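Remarks on the structure that follows.
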Amino acid sequence: MREQLEALRDEALQLVNQASTQKELNDVRIKYLGKKGPITEVLRGMGKLSAEERPVVGEIANAVRGVIQTELEQRLVDVKQQEMDAKLALEAIDVTLPGRPKQVGQAHLLQQVTDEIEDIFMGLGYTIAEGPEVEQDLFNFEMLNLPKDHPARDMQDSFYITDEILMRTHTSPVQARTMLASKGEPIRILCPGKVYRRDEDDATHSHQFMQVEGLVVGEDISMADLKGTLEAFVKQMFGEAREIRLRPSFFPFTEPSVEVDVSCFKCGGKGCNICKQTGWIEILGAGMVHPHVLEMAEYDSTKMSGFAFGMGIERIAMLKYGVDDIRHFYTNDVRFSEQF
Ligand code: PHE
């Protein structure tokens, strides 16, 4: 009997030592210490033993059970620890791994140039104004002295949504909107934004591009103010040495109207490929606000006068940063954007 119990003990202890999971330990416990286990069996059969044998066998059986119990508990602590260690090792974060680099973007060149132009004019006391890109014929044309069937409408063919609503062809409708809203008060605004024209796209034309409009209305505003303002702008944008030149032109909403050239910043006026050997580069259209345009917006043109100008932002950006094709601005190739 004693040998039998001791053999059971050794067998159980060996299994306990080999067990590496909580489940395996539990299986051992059920097998040897459970109600149907061999030790319980021995204890149950004690009734058949003699009075001298009974306490001896009982003591051995209890001792064997005690040893197995203690070893099981001890091993359970170890196994739990091992399982925890393994889990922690799996979940460990390797702080020595190099991080995934985040790509830092930057403002698009058109946005950068728009900001530059805004900064210069804000320094001259201008505020920024905006208007809708889907515009009424009324503001895009009629309030700017371009009644229906006016031949000058042909210069700016548009995308029409209805007979009376179109994609604006220039930022000049913001002039009309601002004047109407200002109720005869002085104005000094700058308006950048997208414009649309029914145009064939090529290296210098796009059906959608950007303009920035300037408008100043007040008492005693003269052509000299326009010239001084544009000169200050050009010097800040293209360098102190730059000069401007005004050539007569025509816009229905300004009178007189001018085309403004800047002296070539590459050759300084001698003539090169950028200025097409003329020494001058055309950069914008401008003029004194037509009295009829002032009157339509309820200004008294005998007391108030004003000037306006409009320029293409892509053209300014192409000149200043040497971009050779307007389509580069819209194709979203980061190899282009990253250069600026
Ligand atoms: N709106 C004109 C154009 O798009 C430019 C311009 C603006 C001319 C303001 C004079 C005054 O061609």
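Across the stretch 36-100, what fraction of all alpha-carbon pairs, as a whole percent, falls in each successive 10 Å bin from zero upward?
Percent of Cα pairs in each bin: 17, 26, 17, 14, 11, 8, 5, 2.
Helix 173-182 versus the longest principal axis of the chain: what angle, 0 to 90°, nearest 10, using Cα atoms?
It is inclined by approximately 90 degrees.
Quickly work out the Gln106-to-Tyr321 label distance, labels modelled 7 Å from Cα along the C-beta direction, and quote it in nm with one decimal.
It works out to 0.8 nm between the two label points.
Could you check the simple spin-label distance between Lys276 and Leu124, using points 7 Å along Cα→Cβ, in nm with one decimal?
So the two model labels end up 2.6 nm from each other.
May I ask which residue of Met46, Gln136, Thr70 lies farthest towards the positive end of the charge dipole of the stretch 30-176, with charges of +1 (Lys, Arg) and -1 (Asp, Glu) on Cβ and the Cα centre as origin?
Projecting each Cα onto the dipole axis, the largest value belongs to Met46.
Any chance you could give the angle, 0 to 90 degrees and rounded to 10, that helix 2-18 forms with the longest Cα principal axis of the chain?
Tilt relative to the chain: about 10 degrees.
How much length is gained on full extension from Lys227 to Leu180, taking 0.36 nm per residue of separation minus their Cα-Cα distance?
14.4 nm
Determine Rg/Rh for the stretch 1-76; Rg is computed over alpha-carbon atoms and Rh is the Kirkwood hydrodynamic estimate from the same atoms.
For the stretch 1-76, the value is 1.01.
Using DSSP to call loops (not H, G, I, E or B), can you name the trypsin sites (Lys or Arg not before Pro) in the stretch 252-340 whose Cβ has at most 10 other Cβ atoms within 10 angstrom?
Passing sites in the stretch 252-340 are Lys270.
Report Rg/Rh for the stretch 1-145, rounded to two decimals, where Rg is the Cα radius of gyration and Rh the Kirkwood radius. Mind showing how you got there, number by number?
Numbers: Rg = 42.0 Å, Rh = 23.3 Å.
Using Cα coordinates only, the ratio equals 1.80.
Given only helices, namely DSSP H runs of n ≥ 4 each adding -39500 (n - 2.57), what is the per-residue ellipticity at 222 nm of the chain, to the nearest 500 deg cm²/dmol?
-13000 deg cm²/dmol
Average projected area of the Cα convex hull of the stretch 140-244, in nm²?
8.7
DSSP beta bridges in the chain, what fraction antiparallel, as a percent rounded to 5? Walk me through the numbers on the way to the answer.
On the way: 42 of 44 bridges.
Bridges in the chain are about 95 percent antiparallel.
Jot down the per residue volume, in cubic angstrom and as a whole number, of the convex hull over the alpha-carbon atoms of the chain.
On the way: hull volume 93.5 nm³, N = 340.
Taking only Cα atoms, the chain has a hull volume of 275 Å³ per residue.
Restricting attention to the stretch 98-207, which trypsin sites (Lys or Arg not before Pro) occupy a DSSP loop and are surrounded by at most 15 other Cβ atoms within 10 Å? Walk me through the numbers on the way to the answer.
Values: sites: Lys102, Lys148, Arg153, Arg168, Arg177, Lys183, Arg188, Lys194, Arg197, Arg198; in loops: Lys102, Lys148, Arg168, Lys183, Arg197, Arg198.
Those that pass, being in a loop and sparsely packed, are Lys102, Lys148, Lys183, Arg198.
Would you mind calculating the gained length between Ala7 and Gln81 on full extension (0.36 nm times residue separation, minus the Cα-Cα distance), in nm to one decimal?
Stretched fully, the Ala7-Gln81 segment lengthens by 23.7 nm.
How about Lys227: which lysines have a C-alpha closer than 30 Å to its C-alpha, ignoring those fewer than 8 places off in the same chain?
Within reach: Lys183, Lys194, Lys235, Lys266, Lys270, Lys276, Lys303, Lys320.
Calculated FRET efficiency, Ser301 and Arg335, Cβ-Cβ r, R0 45 Å, to nearest 0.05?
After rounding to 0.05, the efficiency reads 0.30.
Can you find, among Val217, Gln277, Val289, the residue sitting farthest towards the positive end of the charge dipole of the stretch 193-340, where Lys and Arg contribute +1 and Asp and Glu -1 at Cβ?
My answer, from the dipole projection, is Gln277.
Got a sec? How would Thr331, Thr127 order by Cβ neighbour count within 10 Å, fewest to most?
Starting with the residue having the fewest Cβ neighbours, the order is Thr331, Thr127.
For the stretch 274-328, give the magnitude of the charge dipole about the Cα centre (Cβ charges: +1 Lys/Arg, -1 Asp/Glu; no others), in debye to the nearest 20. Working shown, then result.
Values: 5 positive and 7 negative charges, 50 e Å.
With only Lys, Arg, Asp and Glu charged at Cβ, the dipole is about 240 debye.
Going by a 4.7 Å Cβ-Cβ cut-off, which cysteines of the chain have no partner at all?
Those would be Cys191, since no other cysteine Cβ in the chain comes under 4.7 Å of theirs.
Report the full-extension gain for the segment Val67 to Leu90: residue separation times 0.36 nm, less the Cα-Cα distance, to one decimal in nm.
4.8 nm
What does the charge dipole of the chain about its Cα centre add up to, to the nearest 20 debye, if the Cβ of each Lys and Arg holds +1 and the Cβ of each Asp and Glu holds -1?
That gives the chain a dipole magnitude of about 1420 debye.
With the dipole of the chain worked out from charges on the C-beta (+1 for Lys and Arg, -1 for Asp and Glu) around the Cα centre, which of Cys267, Pro173, His328 lies farthest toward the positive end?
Value: His328.
Specify the angular offset, from 0 to 90 degrees and rounded to the nearest 10, of the alpha carbon long axis of helix 22-33 from the longest principal axis of the alpha carbons in the chain.
Compared with the principal axis, the helix lies near 20 degrees.
Where a number appears in this text, it was derived from the coordinates with a stated rule and is not lab data. Quick caveat: nothing in here was measured; it's all calculated off a predicted structure. A quick note on method: Cβ atoms are made from the backbone with ideal geometry, for glycine too, and the neighbour counts reach across all protein chains shown.
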